[in-house]
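Chemist: Following this message is one structure expressed as structure tokens.
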């Protein structure tokens, strides 16, 4: 395409072609592109796959929770905590076989600890209850 345009510009310099003719051809070319590209994009499997991948990436970054202290983003196996001040950190969605819901995550982000939660399981499979405590960016049990 660039070579053809260079050739057309040389023809204009040699007065073998008019500038209006050249501009008219460029306008027609752009109009054809505008008409053809959307059809080509919807028909391309690679483009569809890329669009789908991008949509999945956006879904994974959805806001799970918003507080005055932090924003929590929802990823597949963990949450990303983005404090208003300080560094980002992650929290697992499961802790000792217990899923951590919105209430627990909100308490950790706002108060630094949860109320006593039921249903944790030890490595030996025994159930127990405990609070979760956030010390810095590290999650731990509080049995008090």
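All of the numbers you see were taken from the coordinates with simple rules; none came from a lab. Note that this is a predicted model, so its numbers are computed, not measured.
Chemist: For the chain, set up a Gaussian network in which alpha carbons nearer than 10 Å are linked by springs, and say which option among 21, 74, 52 fluctuates the most.
Modeler: Largest GNM mean-square fluctuation: 21.
Chemist: Scan (i) 63, 17, 11; (ii) 22, 19, 16; (iii) 35, 18, 9 for the value of semi-axes √(5λ) of the Cα gyration tensor in Å calculated from this model and give just the label.
Modeler: Matching entry in (i) 63, 17, 11; (ii) 22, 19, 16; (iii) 35, 18, 9: (i).
Chemist: Continuing with this model, one more query. Kindly provide the helix-only [θ] at 222 nm of the chain, computed as the sum of -39,500 (n - 2.57) over DSSP H runs of four or more divided by all residues, to the nearest 500 deg cm²/dmol?
Modeler: Values: 4 runs with 63 residues, N = 144.
Computed ellipticity for the chain at 222 nm equals -14500 deg cm²/dmol.
Chemist: Continuing with this model, one more query. What percent does the relative contact order of the chain come to when contacts are Cα pairs within less than 8 Å and at least six residues apart?
Modeler: On the way: 157 pairs, mean separation 14.4, N = 144.
With pairs under 8 Å counted, the relative contact order is 10 percent.
Chemist: Angle check, please: helix 45-60 long axis (alpha carbons) against the longest principal axis of the chain (alpha carbons), in degrees 0 to 90, nearest 10.
Modeler: 30
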